[in-house]
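Student: The structure is given below, and queries will be raised subsequently.
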Amino acid sequence: MAERAQYEELMRQFSAFGAVKREIGRIMPSDCPSSSAAVLTLLGRYGDMRMSKLAELLSVDMSVTSRHVAHLADRGWIDRSPDPADKRSRIVHLTPAGLARLEALSERTTQLLAERLDDWSDEEVAQLARLMARLRASFDDGRVGVPPRLPPPALALEPTTRTPAST
């Protein structure tokens, strides 16, 4: 197990990583924020799926997923159709326009990463990708419900100077 100082440094790096995400967000077209890009990416990667599966993969509530899906459907990038196995459920899938949008977004982000990491070796980029995938897997849904290994810190109670009320 790593030392505490290493975990503290890791937390500092996570905090600083927000700048990377913000820069990637800035290159997204105004009609396709990063949340929409995430939906397109998941559909491109995993194919057609139920809305509930999409919500699970996004780690967001169904109401949030519904808003993302409506935004993308309004632009013609995805379609929703009844699930043949359960007519109450919807299956979402990319349209040809959605696939084209996904390819354009991928080109933008790939170009940005190539520019920012141009002084990294191929092995360093591959190692970063492997480690990030491993980190993400450590937090995957399979671990939800597993109690934390360490108990949360005890709340420090401040002493009071009030006297108890008499009964």
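The values are calculated or read from the model by the stated rules, or taken from the named source; none is laboratory data. Every value quoted in this text rests on a predicted model; they were computed, and no experiment measured them. All Cβ positions, glycine included, derive from the backbone under ideal geometry; neighbour counts span all protein chains shown. Just so you know, the surface numbers come from the protein's heavy atoms only, side chains and all, with ligands and any DNA or RNA stripped out. Shrake-Rupley method; radii C 1.70, N 1.55, O 1.52, S 1.80 Å.
Student: Magnitude of the Cβ-charge dipole of the stretch 77-125, K/R +1 and D/E -1, about the Cα centre, nearest 20 debye?
Tutor: 760 debye
Student: Then there's this: Using each residue's phi in the stretch 103-113, evaluate 6.51 cos²θ - 1.76 cosθ + 1.60 at θ = phi - 60° and report the 3J(HN,Hα) Karplus result to the nearest Hz, with x for Gly and Pro.
Tutor: 3J(HN,Hα) across the stretch 103-113, in whole Hz: 5, 5, 5, 4, 5, 4, 5, 4, 4, 4, 5.
Student: Also, quick follow-up: About the Cα centre, and with charges only on the beta carbon of Lys, Arg (+1) and Asp, Glu (-1), how big is the dipole of the stretch 1-108? Nearest 20 debye, please.
Tutor: I would put it at about 220 debye.
Student: For the stretch 1-119, what ratio Rg/Rh do Cα atoms give with a Kirkwood hydrodynamic radius?
Tutor: Reported Rg/Rh (Cα atoms, Kirkwood Rh): 1.07.
Student: Something else now. For the charge dipole of the stretch 70-131, defined by +1 on Lys and Arg C-beta atoms and -1 on Asp and Glu C-beta atoms about the Cα centroid, which residue among Ser81, Leu102, Ala129 has the Cα displaced farthest towards the positive pole?
Tutor: Result: Ser81, furthest along the dipole toward the positive end.
Student: Shifting gears a bit: How large is the Rg to Rh ratio of the stretch 27-78 when both quantities use alpha carbon positions and Rh follows Kirkwood?
Tutor: The Rg/Rh ratio comes out at 0.93.
Student: Under a no-solvent Debye model with one identical scatterer per Cα of the stretch 85-126, what's log10 I(q)/I(0) at q = 0.24, 0.29, 0.32, 0.34 Å⁻¹?
Tutor: -0.83, -0.94, -1.01, -1.06
Student: How do Leu54, Leu135 stack up against each other in accessible area, from largest to smallest, with a 1.4 angstrom probe?
Tutor: These residues rank, largest area first, as Leu135, Leu54.
Student: Under a plain spin-label model, where a point goes 7 Å from the Cα along Cα-to-Cβ, how far apart in nm are Met28 and Asp48?
Tutor: 2.6 nm
Student: Show me 7-18, 96-107 ranked by packing, highest mean number of other Cβ atoms within 10 Å first.
Tutor: 96-107, 7-18
Student: Another one. For a quick check: with amide H placed at 1.01 Å from N, whose amide H comes under 5 Å from His93's, ignoring anything fewer than 5 positions away on the same chain?
Tutor: Asp79
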